[in-house]
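This report concerns only the one structure given below.
The values are calculated or read from the model by the stated rules, or taken from the named source; none is laboratory data. None of these values were measured; they are calculated from a predicted model. Because the Cβ atoms are built from the backbone with ideal geometry, glycine has one as well, and the counts that use them run over all protein chains shown. Just the protein is used for accessible areas: all its heavy atoms, side chains included, with ligands, DNA and RNA removed. Shrake-Rupley method; radii C 1.70, N 1.55, O 1.52, S 1.80 Å.
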Amino acid sequence: MKKFLFSVVVVAALSGCAANQSKVSKDAQITQNWTADQLYSEARNELNSGNYTRATKLYELLRARQPEGRYIEQSLLDTAYAQYKNEEPEKALIALARFKQNYPASRDMDYALYLKGLVLFAEEQSFLRKLASQDWADRDPASNRKAYYAFEELVKKYPTSKYAADATKRMAQLVDALGGHEITIARYYAKRGAYAAANNRAQRVIENFQNTRFVEESLAIMIYTYKKMNKPELAEDVRQILQHNFPNSPYLQKDWVADDMPWWRYWK
(Lines give C-alpha, C1' and ligand atoms only; values in the text may rest on other atoms or scores of the structure.)
Protein backbone atom coordinates (compact mmCIF):
# COMPACT_ATOMS: atom_id res chain seq x y z
CA MET A 1 0.00 0.00 0.00
CA LYS A 2 2.83 2.35 0.87
CA LYS A 3 4.56 1.61 -2.46
CA PHE A 4 1.36 2.47 -4.29
CA LEU A 5 1.00 5.77 -2.46
CA PHE A 6 4.61 6.61 -3.22
CA SER A 7 4.08 5.87 -6.87
CA VAL A 8 1.04 8.12 -6.96
CA VAL A 9 3.00 10.95 -5.37
CA VAL A 10 5.84 10.53 -7.86
CA VAL A 11 3.49 10.49 -10.82
CA ALA A 12 1.72 13.59 -9.52
CA ALA A 13 5.03 15.38 -9.04
CA LEU A 14 6.20 14.49 -12.51
CA SER A 15 2.87 15.59 -13.96
CA GLY A 16 3.23 18.89 -12.13
CA CYS A 17 6.70 19.40 -13.58
CA ALA A 18 5.43 18.65 -17.06
CA ALA A 19 2.57 21.11 -16.58
CA ASN A 20 4.95 23.81 -15.36
CA GLN A 21 7.24 23.25 -18.34
CA SER A 22 4.28 23.51 -20.68
CA LYS A 23 3.49 26.90 -19.21
CA VAL A 24 6.93 28.19 -20.18
CA SER A 25 6.73 29.64 -23.65
CA LYS A 26 8.71 28.18 -26.48
CA ASP A 27 10.55 31.48 -26.90
CA ALA A 28 11.53 31.48 -23.23
CA GLN A 29 13.00 28.00 -23.57
CA ILE A 30 14.83 28.78 -26.80
CA THR A 31 16.34 32.02 -25.49
CA GLN A 32 17.04 31.00 -21.89
CA ASN A 33 20.83 31.19 -22.37
CA TRP A 34 20.85 34.21 -24.67
CA THR A 35 22.52 37.47 -23.76
CA ALA A 36 20.55 40.69 -23.68
CA ASP A 37 22.26 41.67 -26.95
CA GLN A 38 21.09 38.49 -28.65
CA LEU A 39 17.55 38.79 -27.34
CA TYR A 40 17.19 42.41 -28.36
CA SER A 41 18.67 41.72 -31.80
CA GLU A 42 16.22 38.88 -32.40
CA ALA A 43 13.28 41.00 -31.22
CA ARG A 44 14.33 43.81 -33.52
CA ASN A 45 14.66 41.45 -36.47
CA GLU A 46 11.15 40.15 -35.83
CA LEU A 47 9.84 43.71 -35.60
CA ASN A 48 11.49 44.70 -38.89
CA SER A 49 10.07 41.55 -40.52
CA GLY A 50 6.54 42.40 -39.47
CA ASN A 51 6.26 39.55 -36.96
CA TYR A 52 4.79 41.88 -34.34
CA THR A 53 3.36 39.30 -31.94
CA ARG A 54 6.67 37.44 -31.55
CA ALA A 55 8.60 40.70 -31.35
CA THR A 56 6.38 41.81 -28.46
CA LYS A 57 6.94 38.50 -26.64
CA LEU A 58 10.69 38.76 -27.03
CA TYR A 59 10.73 42.33 -25.74
CA GLU A 60 8.68 41.19 -22.73
CA LEU A 61 11.24 38.45 -22.03
CA LEU A 62 14.05 40.99 -22.31
CA ARG A 63 12.45 43.32 -19.77
CA ALA A 64 11.64 40.46 -17.41
CA ARG A 65 15.24 39.27 -17.40
CA GLN A 66 16.85 42.70 -17.40
CA PRO A 67 14.66 45.27 -15.57
CA GLU A 68 17.37 47.86 -16.16
CA GLY A 69 19.84 48.31 -18.96
CA ARG A 70 20.48 50.05 -22.24
CA TYR A 71 17.83 48.12 -24.13
CA ILE A 72 14.89 48.60 -21.81
CA GLU A 73 14.04 52.15 -22.83
CA GLN A 74 14.10 51.31 -26.53
CA SER A 75 12.25 48.04 -26.01
CA LEU A 76 9.23 49.91 -24.62
CA LEU A 77 9.06 52.10 -27.70
CA ASP A 78 9.52 49.10 -29.98
CA THR A 79 6.80 47.23 -28.11
CA ALA A 80 4.40 50.14 -28.49
CA TYR A 81 5.16 50.31 -32.20
CA ALA A 82 4.64 46.56 -32.63
CA GLN A 83 1.31 46.75 -30.82
CA TYR A 84 0.27 49.75 -32.91
CA LYS A 85 1.05 47.85 -36.10
CA ASN A 86 -0.69 44.76 -34.71
CA GLU A 87 -3.87 46.85 -34.12
CA GLU A 88 -3.66 46.66 -30.33
CA PRO A 89 -4.05 50.37 -29.47
CA GLU A 90 -4.85 49.94 -25.78
CA LYS A 91 -1.70 47.92 -25.19
CA ALA A 92 0.36 50.37 -27.22
CA LEU A 93 -0.90 53.31 -25.17
CA ILE A 94 -0.07 51.49 -21.93
CA ALA A 95 3.50 50.90 -23.15
CA LEU A 96 3.84 54.55 -24.13
CA ALA A 97 2.50 55.70 -20.75
CA ARG A 98 5.12 53.53 -19.04
CA PHE A 99 7.79 54.99 -21.27
CA LYS A 100 6.77 58.56 -20.49
CA GLN A 101 6.63 57.85 -16.76
CA ASN A 102 9.95 56.02 -16.59
CA TYR A 103 11.94 58.12 -19.07
CA PRO A 104 10.53 61.68 -18.98
CA ALA A 105 13.82 63.18 -20.21
CA SER A 106 14.37 60.68 -23.01
CA ARG A 107 15.82 62.01 -26.24
CA ASP A 108 13.17 59.91 -28.00
CA MET A 109 10.23 61.62 -26.32
CA ASP A 110 9.30 63.37 -29.55
CA TYR A 111 8.92 59.98 -31.22
CA ALA A 112 6.88 58.68 -28.27
CA LEU A 113 4.46 61.59 -28.61
CA TYR A 114 4.29 61.10 -32.37
CA LEU A 115 3.58 57.39 -31.97
CA LYS A 116 0.90 58.12 -29.37
CA GLY A 117 -0.79 60.43 -31.83
CA LEU A 118 -0.59 57.79 -34.56
CA VAL A 119 -2.10 55.15 -32.27
CA LEU A 120 -5.03 57.39 -31.35
CA PHE A 121 -5.45 58.55 -34.94
CA ALA A 122 -5.61 54.94 -36.17
CA GLU A 123 -7.88 53.93 -33.30
CA GLU A 124 -10.46 56.55 -34.26
CA GLN A 125 -10.36 55.55 -37.93
CA SER A 126 -10.94 51.92 -36.95
CA PHE A 127 -13.77 53.03 -34.67
CA LEU A 128 -15.41 54.93 -37.51
CA ARG A 129 -15.20 51.98 -39.86
CA LYS A 130 -16.81 49.67 -37.32
CA LEU A 131 -19.61 52.04 -36.42
CA ALA A 132 -20.35 53.60 -39.81
CA SER A 133 -23.78 52.01 -39.97
CA GLN A 134 -24.77 52.67 -36.36
CA ASP A 135 -26.39 55.63 -34.67
CA TRP A 136 -23.72 58.26 -34.02
CA ALA A 137 -25.48 61.46 -32.99
CA ASP A 138 -24.45 61.40 -29.35
CA ARG A 139 -20.94 60.02 -29.83
CA ASP A 140 -17.96 62.14 -28.86
CA PRO A 141 -14.86 61.61 -31.05
CA ALA A 142 -12.58 61.56 -28.01
CA SER A 143 -9.70 59.84 -29.77
CA ASN A 144 -9.61 62.68 -32.31
CA ARG A 145 -9.01 65.21 -29.57
CA LYS A 146 -6.47 63.05 -27.74
CA ALA A 147 -4.56 62.47 -30.96
CA TYR A 148 -4.61 66.20 -31.67
CA TYR A 149 -3.25 66.99 -28.19
CA ALA A 150 -0.45 64.43 -28.56
CA PHE A 151 0.62 65.91 -31.90
CA GLU A 152 0.25 69.43 -30.50
CA GLU A 153 2.50 68.60 -27.54
CA LEU A 154 5.08 67.24 -29.95
CA VAL A 155 5.01 70.32 -32.18
CA LYS A 156 5.17 72.75 -29.26
CA LYS A 157 7.91 70.99 -27.29
CA TYR A 158 9.97 69.73 -30.22
CA PRO A 159 9.38 72.10 -33.15
CA THR A 160 12.56 70.95 -34.89
CA SER A 161 11.74 67.26 -34.59
CA LYS A 162 11.71 65.27 -37.81
CA TYR A 163 8.17 64.21 -36.88
CA ALA A 164 6.84 67.76 -36.43
CA ALA A 165 5.87 68.36 -40.07
CA ASP A 166 3.78 65.21 -40.36
CA ALA A 167 2.26 65.86 -36.94
CA THR A 168 1.19 69.33 -38.09
CA LYS A 169 -0.43 67.89 -41.21
CA ARG A 170 -2.32 65.32 -39.15
CA MET A 171 -3.48 68.03 -36.74
CA ALA A 172 -5.12 69.80 -39.66
CA GLN A 173 -6.82 66.55 -40.67
CA LEU A 174 -8.08 66.05 -37.14
CA VAL A 175 -9.50 69.56 -36.92
CA ASP A 176 -11.27 68.97 -40.21
CA ALA A 177 -12.69 65.70 -38.92
CA LEU A 178 -13.90 67.34 -35.70
CA GLY A 179 -15.58 70.08 -37.70
CA GLY A 180 -17.15 67.44 -39.92
CA HIS A 181 -18.45 65.62 -36.89
CA GLU A 182 -20.09 68.79 -35.57
CA ILE A 183 -21.76 69.74 -38.84
CA THR A 184 -23.04 66.22 -39.38
CA ILE A 185 -24.71 66.35 -35.99
CA ALA A 186 -26.19 69.71 -37.01
CA ARG A 187 -27.54 68.03 -40.15
CA TYR A 188 -28.91 65.18 -38.09
CA TYR A 189 -30.84 67.50 -35.78
CA ALA A 190 -32.06 69.75 -38.57
CA LYS A 191 -33.39 66.83 -40.56
CA ARG A 192 -35.33 65.62 -37.53
CA GLY A 193 -36.80 69.00 -36.70
CA ALA A 194 -34.61 69.75 -33.68
CA TYR A 195 -33.88 73.22 -35.02
CA ALA A 196 -32.47 74.85 -31.89
CA ALA A 197 -30.01 71.96 -31.39
CA ALA A 198 -29.03 72.10 -35.07
CA ASN A 199 -28.47 75.85 -34.86
CA ASN A 200 -26.27 75.46 -31.78
CA ARG A 201 -24.14 72.83 -33.50
CA ALA A 202 -23.73 75.00 -36.58
CA GLN A 203 -22.63 77.90 -34.39
CA ARG A 204 -20.04 75.64 -32.76
CA VAL A 205 -18.53 74.93 -36.15
CA ILE A 206 -18.23 78.65 -36.89
CA GLU A 207 -16.77 79.41 -33.46
CA ASN A 208 -14.33 76.50 -33.16
CA PHE A 209 -13.55 75.37 -36.70
CA GLN A 210 -13.26 78.58 -38.70
CA ASN A 211 -10.48 77.25 -40.92
CA THR A 212 -12.36 74.18 -42.08
CA ARG A 213 -14.50 73.62 -45.17
CA PHE A 214 -17.71 73.50 -43.14
CA VAL A 215 -18.25 77.16 -42.31
CA GLU A 216 -20.29 77.95 -45.43
CA GLU A 217 -22.74 75.13 -44.83
CA SER A 218 -22.92 75.96 -41.12
CA LEU A 219 -24.10 79.47 -41.96
CA ALA A 220 -26.68 77.99 -44.34
CA ILE A 221 -27.93 75.66 -41.61
CA MET A 222 -28.27 78.61 -39.26
CA ILE A 223 -30.36 80.50 -41.84
CA TYR A 224 -32.53 77.45 -42.41
CA THR A 225 -33.11 76.77 -38.72
CA TYR A 226 -33.78 80.42 -37.85
CA LYS A 227 -36.47 80.45 -40.53
CA LYS A 228 -37.95 77.25 -39.14
CA MET A 229 -37.96 78.78 -35.66
CA ASN A 230 -39.76 81.87 -37.04
CA LYS A 231 -36.83 84.21 -36.47
CA PRO A 232 -36.56 85.97 -39.85
CA GLU A 233 -34.43 88.86 -38.60
CA LEU A 234 -31.74 86.53 -37.28
CA ALA A 235 -31.93 84.51 -40.48
CA GLU A 236 -31.36 87.68 -42.51
CA ASP A 237 -28.41 88.71 -40.34
CA VAL A 238 -26.72 85.37 -40.97
CA ARG A 239 -27.57 85.52 -44.69
CA GLN A 240 -25.67 88.80 -44.95
CA ILE A 241 -22.67 87.21 -43.26
CA LEU A 242 -22.87 84.32 -45.71
CA GLN A 243 -23.08 86.73 -48.65
CA HIS A 244 -20.10 88.74 -47.42
CA ASN A 245 -17.87 85.70 -46.90
CA PHE A 246 -19.16 83.44 -49.66
CA PRO A 247 -20.61 85.69 -52.39
CA ASN A 248 -20.93 82.76 -54.80
CA SER A 249 -22.53 80.41 -52.33
CA PRO A 250 -25.36 78.29 -53.79
CA TYR A 251 -27.17 78.73 -50.46
CA LEU A 252 -27.83 82.35 -51.39
CA GLN A 253 -29.98 81.16 -54.28
CA LYS A 254 -31.53 78.11 -52.68
CA ASP A 255 -32.18 77.18 -49.07
CA TRP A 256 -30.05 74.51 -47.47
CA VAL A 257 -31.54 70.98 -47.61
CA ALA A 258 -30.40 68.10 -45.42
CA ASP A 259 -28.87 65.13 -47.17
CA ASP A 260 -27.79 61.71 -46.01
CA MET A 261 -24.03 61.91 -46.41
CA PRO A 262 -22.52 59.47 -43.88
CA TRP A 263 -20.61 61.17 -41.10
CA TRP A 264 -17.57 58.91 -41.57
CA ARG A 265 -16.96 60.30 -45.08
CA TYR A 266 -15.34 63.30 -43.50
CA TRP A 267 -12.31 61.13 -42.87
CA LYS A 268 -11.75 60.47 -46.57
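Once Rg and the Kirkwood radius are both taken over the C-alpha atoms of segment 142-221, their ratio Rg/Rh works out to 1.11.
Listed cross-link partners K85/K156; K57/K85; K191/K254; K85/K157; K146/K169; K100/K156 are compared with a 19 Å cut-off, the Cα-Cα value being larger for K85/K156; K85/K157. Each label point was placed 7 Å from the Cα along the Cα-to-Cβ direction; for H244 and Q210 their separation is 1.2 nm. Note on segment 33-86: semi-axes of the ellipsoid equivalent to its C-alpha gyration tensor, largest first and rounded to whole Å, are 17, 12, 8. If you take the beta carbon distance between Q32 and D108 as r and set R0 to 51 Å, what does 1/(1 + (r/R0)^6) give as a FRET efficiency, to the nearest 0.05? The calculated FRET efficiency here is 0.95. Extension gain for T53 to R65 (0.36 nm times residue separation, less C-alpha to C-alpha distance): 2.4 nm. Once the 1.4 Å probe is applied to the protein heavy atoms, segment 153-268 comes out at 58 Å² accessible per residue.
A simple count of charges around T212, restricted to other residues whose Cβ falls under 13 Å of its Cβ and scoring Lys, Arg +1 and Asp, Glu -1, yields -3. With all protein chains in place and ligands, DNA and RNA left out, the 1.4 Å accessible area ranks R63, R70 as R70, R63, largest first.
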